[in-house]
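Trainee: Below are the structure tokens for one structure; questions will follow.
Derivation of every value follows stated rules applied to the coordinates shown; laboratory data play no part. Owing to the predicted nature of the structure, the values given are computational and were not obtained by experimental measurement. Cβ sites come from the backbone with ideal geometry, for glycine too, and all protein chains shown count toward neighbours.
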Amino acid sequence: MISNILLYANEYSSIVIAAAAVITAIFTAILACSHLIERRREKKKPRIQKIAEVVNPLVEILEHQKRDLEKGTIGWEKSGYPTHVHTMSIFLWDKHIYDDFKKDNQKVADKIEKHDGEVKKLRGCLQEFADNIKSLPDFKNTISTRFEEYKSKEKGDNASFFEPTTNNFGYILESIVNNEQELNERNVYHKFWSLYGKELLKFRKREEVQEYKIEVEKRCRILIDIESAILNDLRNILKKFREKYGIVYSGFEDKEKRRLLK
């Protein structure tokens, strides 16, 4: 009986030793794998840091631009470009880093390209809207009349800006297209606009230009939706970079706190 007990004990001991060996091998493999993953992560970190330094400014730019679009602040200029609505490509100054970003984030890159295409469409719509306002039969005559009235009240005060010239009509057209309710006090047309702005803004409400105005508003809404999606993607990417690689970039925690409090 004692010999049987010793036999069972030896067998059990052998099983325990074998199991311990297997567990040790598993832990060793896990540890080796963990070290390998860590080495790979550290090797990849400088590349990720460079990508983060491109992505982080894009988030700030898009946040600001989206707020402007939601407020209707486009900043169209008579040169044909909206100063508050930009393509993202102009901010991707390092093409090699952005191409690296695209390898792992092609869907986001596709949204950015779609965004830039929509910005170009918006520019075209704004130009059509402006051209049609400018083509209204009484557009120039109305502004010329108000220029003359203003000059009679403000004699000699920046008189050249109130001459009926193509350039001066263009400045007034900018304020109409942008639906400016008031102008900055430093703007040479500040007083003029406080007197005649409400009347001149009625040009953008005319039946002849409504289809162009509606198209501009539609394009703005499309851009807002695309920018919301891109922002969500980029924030998640930056969060992953921070958690997985320990990437540090300025303002992340403050921005996250503000976003969570909204």
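Trainee: Search the structure for amide H atoms under 5 Å from the amide H of Trp76, placed 1.01 Å from N in the peptide plane, and list their residues when 5 or more places away or on another chain.
Mentor: HN-HN under 5 Å from Trp76: Thr83.
Trainee: Within a Cβ distance under 15 Å of Asp94, other residues only, what is the Lys/Arg minus Asp/Glu net charge? Mind showing how you got there, number by number?
Mentor: Numbers: positive: Arg47, Lys50, Lys95, Lys102, Lys103; negative: Glu53, Asp99, Asp100.
Net charge in that neighbourhood comes out at +2.
Trainee: Ranked highest first by the average count of other Cβ atoms within 10 Å around their residues, in what order do 191-199, 160-168 fall?
Mentor: Ranking, from highest mean packing down: 191-199, 160-168.
Trainee: What are the ³J(HN,Hα) couplings of the stretch 124-129, residue after residue, when phi is run through the Karplus curve with 6.51, -1.76, 1.60 and θ = phi - 60°? Round to Hz, x for glycine and proline.
Mentor: x, 5, 5, 5, 5, 4
Trainee: Show log10 I(q)/I(0) for the stretch 122-262 at q = 0.11, 0.12, 0.14, 0.15 Å⁻¹, two decimals, from a solvent-free Debye sum over equal Cα scatterers.
Mentor: -0.61, -0.66, -0.76, -0.80
Trainee: I need the peptides 109-116, 75-82 ranked by packing, meaning the mean over residues of other C-beta atoms within 10 angstrom, with the highest value on top.
Mentor: Averaged packing, sorted descending, gives the order 109-116, 75-82.
Trainee: Taking a ≥ b ≥ c as the square roots of the Cα gyration tensor eigenvalues, with a/c under 1.5 meaning rounded and otherwise prolate when a/b beats b/c, else oblate, which class fits the stretch 55-165?
Mentor: The shape class here is prolate.
Trainee: While we're here: For the stretch 152-167 and the stretch 47-63, what is the separation of their C-alpha centers, rounded to whole Å?
Mentor: Rounded to whole Å, the Cα centres lie 46 Å apart.
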